[in-house]
Amino acid sequence: MSDKKRHLLVMLASFFLLPFFFSLAEAAEQDIPKKFFVPPPPFTPGIFPCSQCHQGMPVNRKPRKLEQMHQDIVLKHMPDGWCFDCHNPDNRDKLRLANGKLVSFEESYYLCGQCHGTVFRDWKVGLHGKRTGMWNGEKQYLLCVHCHWPHEPVFKSIRPLPPPMKPSDIK
Amino acid sequence: MKREKNKRRELSLDRRTFLKGAALGLAGTALPLDKADASFWETFFQKHFREMNDTEIKKVLQRLEKEAEQKYKKAIKIGNEKAMPGVLFGYGLDLSRCIGCRRCVYACVDENNQSKDPQIHWITVLRFKKGEKFSDLEESEKYYNPPQVPEKEYFYMPVQCQQCENPPCVRSCPTQATWKDPDGIVVIDYNWCIGCRYCMAACPYGARHFNWSEPGRKPEEINPNTHYLGNRPRYKGVVEKCTFCIQRTRNGRYPACVEACPVGARKFGNLLDPNSEMRYLIEHKRVFRLKEALNTNPKFYYFFAYGR
Amino acid sequence: MFYLIKNFFIALRQIAIGSKRYYIWVAFLSFLILLGASAYFDQSRRGLIITGMRDQVSWGFYISNFTFLVGVAAAAVLLVIPAYIYNFKPIKEIVLFGELLAISAISMCLLFVMIDMGQPLRGWHILPVIGSMNFPASLLAWDVIVLNGYLAINTFISFYVLYRLSIGKEYKMSVIGPLIILSIPWAVSIHTVTAFLYNGLSARPFWNASILAPRFLASAFCSGPAIMIVLFQIIRKQSEVEIEDRAIFKIAELIAYAMGLNLFLLGAEVFKEFYSGSIDTYSIQYLYFGLHGKSALVPWIWTATLLNISAFLLFLLPRTRENFTTLNMACLFVIIGVYIEKGLGLVVPGFVPDTLGEIYEYTPTTPELLITLGVWATGALIYTLLLKFAVPIYTGKLRFETKA
């Protein structure tokens, strides 16, 4: 077969196979039903969109301790992790998955789900996280970040409510 | 002489009889026979809930709402939602998440109008030391009160009515005042219970509680949305327990404890719905139930989140 | 009609007129009843919270007394078996007084159940047809049937016999014979059903043991006859009723065997619990040795066990059995021992530790004790009034008038 013919064959094949690959990607997204209406991400007021500051700012990809801004965020998540492991250096209004794909802050569960796959699987079914809404109707989903502060996800201890009265004290 | 004595004795006997009769008559006037106390007789002769038709139940609900309003100076609605067809409620409790904060306990108290004085809690949270016997409840502690939870060496397990499919309490009740409704909730008719407390001896989970005196709850604390078999204001001398928030769940809502849990340790749903999270739970997670050896077949599943 | 009124006044006079001792005794009992009634009035107003019972130990002193008294009532049958089956003449004549004791005991049982209920006015809910009795699933429903049936049988037999004697006639064996035959298994059944009440609860491992029903019967056949021996001595001293020593000693001998069986069954239970040593045995540990520092029942149960063993020996040896001082001592020992062992020594350990592992040490409060005393006084008053008729009818002193 000549080179030209081979190239034509490859192009035709990829053209017809492309929808197949697209459908695979779609299927991965179809795992998550469209009814994942989540409340908006709990941004600090005024912090989003990030591009209002970062547009045009030079990017420093060196892992370091931040000093001028965001110095209050101490990352205690992932060993040896730093900001650009999740945040997208080229467009701060998006998050970046391990394979380079970008997801919006409204769909940050994809990002968390990369490492926390088992939890993500449970969350999709409605088995992980606080449950409110109707058990026989619309489930109300929350984003991971609504409960877990992504920079320091471990829950702080809280004060327990009072213990019950001892029976001998009930008069 | 003797005949006179006998005669006097006979006379005194008659006086005694007369006095007795007069006393009885006076006592008789204390009986509520007039119209104002008609509700006393209505209450006394009220039939078993399952034997009443819808009109009779409606009358009873109206009477009870009026009595509650008189007592608490607040309009209270007592509903009678029936079990939804094709529904069997199940509950899931994630032991890997519970932090023992007791917010579920107090959310339940507020939602279900439990007495605060004397205190009644439908949910008991037990604390176990990691590494010690787990199924030996004797090693557990329910009065823990550390400054912060969760504590490092402990884990927590809340217990409430397990809504058994084979409930020993239903079997033991001599008047059938407690029974299992079609959607799986074990309910109590507070107007039929005679307060013998046999069900409390029969329950293996300590889930049933008794009103040792008149329930003490302030009017402003009353939740006015109630159900006849659930959280309506109860009486002295009757047994009560968790009803899976029947007033909420029969209207499609989650129980109060599920919504109150800050760490999402509580799950609830319809076991008969193949798409519900409860079905997924029991089919995929390693679930167990308390005291399974007793064959009570509870619908309260404990599990650990990890694993499939 | 005329005779009815006349007999009514004869009966009334019989109750109202007696010796000085009678008046003092009735006045004393009435005082106790009044105390109990006022305490009960308080309980019905404020609720059962005035007792020591709470969710963790939801049955207490009232049900303990109920259990003990069902045993006493069942033991009336003990006299029936030798009397009628073996025609042991000395006992036959005094079976009547045993049956009257059964009536009083059952009345006290019913009273104890009523005062223990949270809503006693709703008691009619337990009846079949007009209520919704949960028969056959609930053991309490069975208990209601058998206890009331036993009361009816004993009342009928004794009142029929007394009535026939009082009008100077003989009683017909064809009338009461079948009932007496029925009353033997019925008496066994009242106590078996009461035992099953506890036995059937898988939630309470201390009670969920097959040994409970046999132990109940064995201890019932100790305590009931012991009370009767004491009562018979009082009756024959206070009246012209003749009760042979032979009859009393025979009853005492039967108590010895019953107590021997009771002690053997206790040994069997103790072995099983302490040797196997599983979690379920915490209850008996609490009872005999205390658990986690809580040991309120320990001195009581050891006292009861020692009293029972001493009583067994005193009843067994003819020398001590046939000496009235030691015999009465032994009776007292048995009554107290079984009262503790089958009362609080049975009910409380069933709830300790409770189903979620908690230990709550129950103690009866003063109102509870007063109400219990009031119920016992009521039973004693019932028995006194019954005897006030039965003794003179039996000895021929009291006769009612009929047309013939």
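The values are calculated or read from the model by the stated rules, or taken from the named source; none is laboratory data. Everything numeric in this text was worked out from a predicted model, so none of it was measured. Glycine also receives a Cβ, built like all others from the backbone with ideal geometry; neighbour counts cover every protein chain displayed. Side chains included, ligands, DNA and RNA excluded: accessible areas come from the protein's heavy atoms. Shrake-Rupley method; radii C 1.70, N 1.55, O 1.52, S 1.80 Å.
Quick notes on this one:
- The protein assembly as shown: calculated mean residue ellipticity at 222 nm from DSSP helix runs of at least 4, using -39500 (n - 2.57): -16000 deg cm²/dmol
- Peptide C:199-206 is shielded by partner chain Cβ atoms: per residue, an average of 5 of them sit within 10 Å of its Cβ.
- Gaussian network model of chain B, springs between alpha carbon atoms under 10 Å - residue of B:G79, B:G264, B:G195 with greatest fluctuation: B:G264
- In sequence order, calculated HN-Hα J values of the range C:130-145 (Karplus, 6.51, -1.76, 1.60; Hz; x Gly/Pro): 7, x, 9, 4, 8, 9, x, 5, 8, 5, 5, 5, 4, 4, 4, 5
- Remark: the range C:32-49, residue by residue, has Karplus-estimated 3J(HN,Hα) of 5, 5, 5, 4, x, 5, 5, 5, 5, 4, 4, 5, 6, 7, 8, x, 6, 5 Hz, where x stands for each Gly or Pro and the curve is 6.51 cos²θ - 1.76 cosθ + 1.60 at θ = phi - 60°.
- Cβ-placed point charges (K, R +1; D, E -1), dipole of the range B:81-308 about Cα centre in debye, nearest 20: 160 debye
- The overall shape of the range B:192-253, judged from the alpha-carbon gyration tensor, is oblate: a/c is not under 1.5, and a/b is no greater than b/c.
- Choice from C:E358, C:E99, C:E368 with maximal GNM fluctuation in chain C (Cα, 10 Å cutoff): C:E358
- The distance from the alpha carbon centre of the range C:54-73 to that of the range C:146-224 is 18 Å, rounded to a whole number.
- When chain B is treated as a Gaussian network with alpha carbon springs shorter than 10 Å, the biggest mean-square fluctuation among B:H209, B:H284, B:H48 belongs to B:H284.
- Remark: accessible surface ordering of C:T155, C:T303 (largest first) is C:T303, C:T155, probe radius 1.4 Å.
- Karplus (6.51, -1.76, 1.60) ³J(HN,Hα), θ = phi - 60°, over the range C:212-229, in Hz, Gly and Pro reported as x: 4, 5, x, 5, 4, 5, 4, 6, 5, 6, 8, 6, x, x, 4, 4, 5, 4
- For the set C:D245, C:D42, C:D143, B:D117, solvent exposure ranked by accessible area (probe 1.4 Å, protein chains only) runs largest to smallest as B:D117, C:D245, C:D42, C:D143.
- The charge dipole of the protein assembly as shown, taken about the Cα centre with unit charges on the Cβ atoms of Lys, Arg (+1) and Asp, Glu (-1), comes to about 1560 debye, rounded to the nearest 20.
- Per-residue average of Cβ from other chains inside 10 Å of C:244-253: 0
- Partnerless cysteines, meaning none of the other Cys C-beta atoms lie under 4.7 Å away, in chain B: B:C98, B:C101, B:C108, B:C164, B:C173, B:C193, B:C196, B:C203, B:C245, B:C261
- Classification of the range C:2-395 by its C-alpha gyration tensor yields a prolate form. The axis ratio a/c (a ≥ b ≥ c) is 1.5 or more, and a/b outweighs b/c.
- Database remark: amide H of B:R217 closer than 5 angstrom to the amide H of B:K116 (H placed geometrically; neighbours at sequence offset of 5 or more, or on other chains; Pro and chain starts carry no H).
- B:K218 accessible area, assembled protein chains, probe 1.4 Å, Å²: 110 Å²
- Cleavage-rule hits, trypsin sites (Lys or Arg not before Pro), the range B:194-248, DSSP coil, Cβ neighbours within 10 Å at most 12: none
- Residues whose amide H lies under 5 Å from that of B:G269, counting only those 5 or more places away or on a different chain, are B:G90; hydrogens are built 1.01 Å from N in the peptide plane.
- Once you reduce the range C:6-45 and the range B:148-190 to the center of their Cα atoms, the two points are 47 Å from each other.
- Taking all protein chains as they are arranged and a probe of 1.4 Å, the heavy atoms of A:S168 leave approximately 60 Å² accessible to solvent.
- By a 1.4 Å probe calculation restricted to protein chains, A:W149 has an accessible surface near 130 Å², given to the nearest 10.
- Each Cα pair under 8 Å and six or more residues apart adds its sequence gap; the mean of these over the residue count of the range C:2-395 is a relative contact order of 29 percent.
- Largest-first ordering by accessible area, 1.4 Å probe, given options B:W41, B:W192: B:W41, B:W192
- What you get for the range C:289-359, charging only the Cβ of Lys and Arg (+1) and of Asp and Glu (-1), is a dipole of about 240 debye around the Cα centre.
- Averaged over the residues of peptide B:101-107, the number of Cβ atoms from other protein chains lying within 10 Å of each residue's Cβ is 3.
- The relative contact order of the range B:158-237, computed from alpha carbon pairs under 8 Å that lie at least 6 residues apart in sequence, is 30 percent.
- Cα centroid of the range B:208-270 to Cα centroid of the range C:364-381, whole Å: 37 Å
- Under 5 Å between amide hydrogens, built in the peptide plane, is the criterion, and for C:G52 it picks out C:T365 among residues at least 5 positions away or on other chains.
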